[in-house]
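**Student:** Dumping the structure here so I can ask a few things about it.
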Amino acid sequence: MKYFLLSLHCFGTFFIKMAVAQQPVIHEVIDVGDPVEQYGKFEAEVRLTATFSNPFDYEDIRVEGLFTGPNGRQKEVEGFYIQAFEWTDYQTGAIAPKGNGTFRLRFAPDQPGIWRYTVSCVTQTGTAIFQEKTFECVAAFSPLNRGFVRSAGSHYLQFEDGDSFIPLGHNMAWPVTNAYTDYKRWIEDLSAAGGNSFRLWQCPWGLGLEWRAGNGYEGLMRYRQSNSFYLDWLFDYCAQKGVHVMVCLHHHGAVSTQVNPDWKDNPYNAMNGGPCEQTQDFFKNATAQRLTRNRLRYIIARWGYQRSIWAWELFNEVDWTDGYAENAADIRRWHTDMADFLREKDPNGHLITTSFADTGRDDETWNHPDIVPTQTHIYTQASNIEQVVAKNTLRYVQQYGKPALNAEVGLGIAGDLLPGLDPQG
């Protein structure tokens, strides 16, 4: 039995069981109105009728937008399903669902002028196309809006306006109490201290989207909408503050039974109904790869417009996943495939990176043309740790000819530092 999604002006969106599938119909496209700032957020709600089983499955239902700029250049973006939320208490960051789910499109125009766009909906029963609409884009006016971060084809990074970007900040990978209250305070403190970036993990104890059912998660291909709402706010707030985020899409523990092991709760695990009998299957099982790509499509559709995101990080310390040495070729191929997929789907060409715990890994991955910047994580009990970091960064720049980032650094990972090594904590 499939479901029939009906959107009405006054009654919102709801599900009715239907026995017969029908062609999709787009009833209305409601956008935010003119004007939209260059590199800002254009957003439209797409009210439609369609037959489908899972609104998050891009092979089941897909909303698309084709945008034509003032110079005639076109960009395609995919839409996404959203359950809206609203704030119920700003002091605690509490939220509650608002209304029913709908489909939306988001897009960042890169040229001032009049943009034209058409919206389509594709299901297994057919395609619907809505009449062409327009909106106006004006030149960037927010003082911290410098466009997206780009690789300048050198060892440096820069914004669209040509200003250099040197990321300086912290790993603020997950909230401790509440995403709103924690990140609002942390970002204010970071900005006041001159920082301009941080690293965010999509992990089940933080702002993850997909995990074993329970504790707010609903299993495979059911993306957690409360966390998505917090991410909507967080990325917009970062854009307002001129702070940029590296979004880590996978953490090593999810594919490990040894190091920070979370495999037992991973929805990709066959024990939880997933397609993978073993951890290493995550990197080579065709169904697992399809599910991963679907989640990446959702991430690009919902947040690919966002200039505050400066890079997608495919994996945190992937060499801590089970059997890395034996499975290195499959993991390398997975990185190539997923980097190529991100590059294909992301209309704004965000930078793509990954990370290893061992600074000796992995020449072929770092040489991939879509993997920029390279990245090191350095933990060593050295009194001159800044020299160690500088030396490794320079080595990466010289070896791979790309910008090099040190994304984690510390004197150790336990409370057993050498005496006098860190006297001020």
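**Student:** Determine ³J(HN,Hα), in whole Hz, for all residues of the range 110-116 in sequence, where each value follows from phi through the Karplus function 6.51 cos²θ - 1.76 cosθ + 1.60 and θ = phi - 60°; x replaces Gly and Pro.
**Tutor:** 3J(HN,Hα) across the range 110-116, in whole Hz: 10, 9, x, x, 8, 9, 10.
**Student:** Further question on the same structure: For a quick check: with amide H placed at 1.01 Å from N, whose amide H comes under 5 Å from L351's, ignoring anything fewer than 5 positions away on the same chain?
**Tutor:** Hits under the 5 Å cutoff: W312.
**Student:** Evaluate 2.2 N^0.38 Å with N set to the residue count of the chain, then give the Cα radius of gyration divided by it.
**Tutor:** So the chain has a normalised radius of gyration of 1.01.
**Student:** Going by alpha carbons, how many degrees (0 to 90, nearest 10) lie between the helix axis of 286-303 and the longest principal axis of the chain?
**Tutor:** 80
**Student:** Apply 1/(1 + (r/R0)^6) to the Cβ-Cβ distance of Q399 and D337, taking R0 = 25 Å, and write down the FRET efficiency to the nearest 0.05.
**Tutor:** Values: r = 24 Å, r/R0 = 0.96.
E(calc), rounded to 0.05, equals 0.55.
**Student:** Also, I was wondering about something else. Debye calculation, C-alpha points only, no solvent: report log10 I(q)/I(0) for the range 273-351 at q = 0.17, 0.19, 0.24, 0.27 Å⁻¹, in the same order as the q values.
**Tutor:** One equal scatterer on each Cα of the range 273-351 leads to -0.72, -0.86, -1.17, -1.32.
**Student:** Could you state the angle between the C-alpha long axis of helix 385-400 and the longest principal axis of the C-alpha atoms of the chain, as a value from 0 to 90 degrees rounded to the nearest 10?
**Tutor:** 60
**Student:** Chymotrypsin sites (Phe, Trp or Tyr not before Pro), restricted to the range 19-97: which are DSSP loop and have at most 15 other Cβ atoms within 10 Å?
**Tutor:** The qualifying sites are Y90.
**Student:** Quote the relative contact order of the chain in percent (integer), defining contacts as alpha-carbon pairs under 8 Å separated by 6+ residues.
**Tutor:** Numbers: 919 pairs, mean separation 52.6, N = 425.
The normalised contact order for the chain reaches 12 percent.
**Student:** Whole-Hz Karplus ³J(HN,Hα) for the range 139-148, in order, using 6.51 cos²θ - 1.76 cosθ + 1.60 and θ = phi - 60°, x for Gly and Pro?
**Tutor:** 4, 4, 10, 5, x, 9, 8, 10, x, 7
**Student:** Before rounding to the nearest 500, sum -39500 (n - 2.57) across all DSSP H runs of length at least 4 in the chain and divide by the residue total; then give [θ] at 222 nm in deg cm²/dmol. Don't skip to the answer; put the middle values down first.
**Tutor:** Values: 6 runs with 92 residues, N = 425.
About -7000 deg cm²/dmol.
**Student:** Could you compute how much accessible surface V245 exposes when probed at 1.4 Å, giving the result in Å² to the nearest 10?
**Tutor:** 0
**Student:** Counting heavy atoms of the protein chains only and a 1.4 Å probe, report the per residue accessible area for the chain as a whole number of Å².
**Tutor:** It amounts to 44 Å² per residue over the chain.
**Student:** Please list, by residue number, every one of the trypsin sites (Lys or Arg not before Pro) in the range 46-130 that is coil in DSSP and has at most 11 other beta-carbon atoms within 10 Å. Intermediate values should be presented prior to the final figure.
**Tutor:** On the way: sites: R47, R62, R73, K75, K98, R104, R106, R116; in loops: R73, K98.
When the trypsin sites (Lys or Arg not before Pro) of the range 46-130 are filtered for loop state and at most 11 Cβ neighbours within 10 Å, R73 remain.
**Student:** Still on this model: What does DSSP give for the chain in terms of the percent of beta bridges that are antiparallel, rounded to the nearest 5?
**Tutor:** 70
**Student:** Show me the chymotrypsin sites (Phe, Trp or Tyr not before Pro) within the range 182-215 that DSSP assigns to loop and that have at most 16 other Cβ atoms within 10 Å of their Cβ.
**Tutor:** W205
**Student:** Tell me the label-point distance for the pair T257, A325, using the 7 Å Cα-to-Cβ offset, in nm and rounded to one decimal.
**Tutor:** So the label points at T257 and A325 sit 1.9 nm apart.
**Student:** Can you give me the % of accessible surface on the range 347-425 that is carbon or sulfur? Probe 1.4 Å, all protein chains present, nothing else counted.
**Tutor:** Taking all protein chains in place, the range 347-425 shows 50 percent carbon and sulfur surface.
**Student:** Here is a further query. Looking at the range 189-304, what % of the alpha carbon pairs are farther apart than 19 Å?
**Tutor:** When every Cα pair of the range 189-304 is considered, 49 percent fall beyond 19 Å.
**Student:** Additional query: If you place +1 on the Cβ of every Lys and Arg and -1 on the Cβ of every Asp and Glu, how big does the dipole about the Cα centre of the chain come out, in debye to the nearest 20?
**Tutor:** 720
**Student:** Beyond 23 Å between alpha-carbons counts as too far, so tell me which of K264/K284; K284/K402; K284/K345; K75/K184; K41/K98; K41/K184 fall in that bin.
**Tutor:** As for pairs spanning more than 23 Å Cα to Cα, those are K284/K402; K75/K184.
The values are calculated or read from the model by the stated rules, or taken from the named source; none is laboratory data. Keep in mind the model is a prediction, meaning the values are calculated, not measured. All Cβ positions, even for glycine, are placed from backbone atoms using ideal geometry, and neighbour counts span all protein chains on display. Ligands, DNA and RNA are excluded from the accessible area calculation, which covers all protein heavy atoms including side chains. Shrake-Rupley method; radii C 1.70, N 1.55, O 1.52, S 1.80 Å.
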